[in-house]
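To start, the structure itself, in structure tokens.
Please treat every number below as a calculation from the coordinates, not as lab data. Remember, it's a predicted structure, so these values are computed and weren't measured experimentally. Cβ atoms come from the backbone with ideal geometry, glycine included; neighbour counts cover every protein chain shown.
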Amino acid sequence: MLRNRTYNLKNKVWFYLIIFSFLIFIFFWTFQTLFSNTYYEVNKKRELNTIARKLNNTDSILLTTEIDNLAYDYGVCIELFSNNTLIYSSNSLEKGCIEQKDLTFYQYKNKFISGDEEEGSASFYNSRFNNKTIVKAIKYNNYTIFINASLEPVGTTSLILSRQLAIVSIVVLVLSFLLSYFISENISKPIVKLNKKATEISKGNFDIENENISRIEEIEKLNSTLNTAAKELSQTETLRRELLANVSHDLKTPLTMIKAYAEMARDINYNNKKKREENLNIIVDEVDRLNLLVNDILELSKVQANTEKYVKEKIDIDDFVSNIVRKYDYLKEDGYEIVYNGIKNVTVNEDKKRLNQILDNLINNALKYTGKDKKVIVNIVDLKKKIRIEVVDSGKGIKEEELKYIWDKYYKIDKSYQRNTKSTGLGLSIVKNICVQNDIEYGVNSKENFGSTFWIELEKM
């Protein structure tokens, strides 16, 4: 059965870098062995062709000074024949001229002189220098010119290069080993640290050191992301614990009351109808409170999970908000007053359900904290390109240092405050999550003893 194998990153990086160095080493040796000599020979043949063209363009082939200059400039031997007789040589045996006694060259020379070919080239073994010599032959009027180029310098150069390459290769390989180790160490070390961080986070330890662990941009971005994730997970864990504590407290209280009053209703003499009805009403109220709490928890979970699609549609804002405010008319019996100041002929493109949730939660929050006058004001403010919906209460206001916490789940402005039966402490958190997910601007303006104004801003159509 095939198994997925894992490799140490450091060793893997080191291995690949070493392989890369070996490939470079092999490439240069292959080039030196197979191509360099061939390249030099081809290049020398090009030089001979150049010399031949210059000789053909010479006004007088018998200008020996010009022949000597070309032989000297290009490091070749030039011989001039008339029929089969050598009439001039650049006199440079040291530059590669093949001696006449060399049989192979002698045969080639006689064949070319007696033949019809105007131009040709061939390679010969030069017995004098024990090397290879290239011969370029051309005919000029009644003369035959042989240009001899020894490859001895090429062979010598190639040998020198080979020796230098051997030394350089050894040095490069040693440096490659050291460099590979250094690079692999610097790449793997921060990743090992990241792995340790991730392991600690997986164990629930979110209090990790927020440090820069690498100068590599991608690794540092990953480190920053991991630090942010740890911070957010820590906050989530804190909120989870608070949620459990608060929910368990909020559930425990009504359940205890339901049990107590249910027992009382059971034990009370059935002839005491008034007392029995009081107990049953309390039970119903507490059940309603529990139901509201559960619904808000579920709603907040859905909003945070963003499982429901935000469906926008055209909304007449005045008509929409006035209908929401009208739902609270029943509170007039308890002395509450909601004043609505709207504006006509303004439309927005939003999700009706979510917008309704936002306004309901803001109004309920205002009703909970408004002052003795039990008055709440809902304003629509025209901001040219936007409209602002304000929910204003006349309560005691919020301290400046507490403003940033009021959108958190179960946060209490007054720690001694006991929520009424119409509140779960999740309303503002629901508002915040809906606004953030749908790019709706929101906020609060408040000052102690002067009430609070919660607001949202919507784009006009």
Q) Once you put a point 7 Å from the Cα of residue 224 and another 7 Å from the Cα of residue 287, both along the Cβ direction, what distance in nm separates them? A) 5.6 nm
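Determine, from the Cβ-Cβ distance of residue 263 and residue 360 and an R0 of 41 Å, the FRET efficiency 1/(1 + (r/R0)^6), rounded to the nearest 0.05. Mind showing how you got there, number by number?
Working: r = 35 Å, r/R0 = 0.86.
Plugging the Cβ-Cβ distance into 1/(1 + (r/R0)^6) gives 0.70.
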Q.
How are the alpha carbon pair distances in the range 305-379 distributed across 10 Å bins from zero to the largest one, expressed in percent?
A. 17, 46, 27, 10, 0
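Report the full-extension gain for the segment residue 26 to residue 170: residue separation times 0.36 nm, less the Cα-Cα distance, to one decimal in nm. Please report the intermediate quantities before stating the final value.
On the way: separation 144, 0.36 × 144 = 51.84 nm, distance 1.21 nm.
Using 0.36 nm per residue and subtracting the Cα-Cα distance, I get 50.6 nm.
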Q. What does the convex hull of the Cα atoms come to per residue for the range 313-459, in Å³?
A. 112 Å³
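Only four residue types carry charge here, +1 at the Cβ of Lys and Arg and -1 at the Cβ of Asp and Glu. Report the dipole size of the range 313-459 about the Cα centre in Debye, rounded to the nearest 20. Please list the in-between numbers first.
Numbers: 26 positive and 25 negative charges, 72 e Å.
Here the size comes out at about 340 debye.
By per-residue mean of other Cβ atoms within 10 Å, what is the highest-first order of 342-348, 380-386, 425-431, 46-52? Numbers along the way, then the final one.
Working: 342-348: 13.9, 380-386: 11.6, 425-431: 21.9, 46-52: 16.4.
The peptides rank, most packed first, as 425-431, 46-52, 342-348, 380-386.
Among 378, 42, 135, what is the fewest-to-most ranking by other Cβ atoms within 10 Å?
Numbers: 378 22, 42 9, 135 25.
Ranking 378, 42, 135 by Cβ neighbours within 10 Å, fewest first, gives 42, 378, 135.
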Q: Please work out the FRET efficiency for the pair residue 445 and residue 277, using the Cβ-Cβ distance as r and a Förster radius of 35 Å; give the result to the nearest 0.05.
A: 0.20
Q. Taking the Cα-to-Cβ direction at residue 127 and at residue 319 and moving 7 Å from each Cα, how far apart do the two end points lie in nm?
A. 11.7 nm
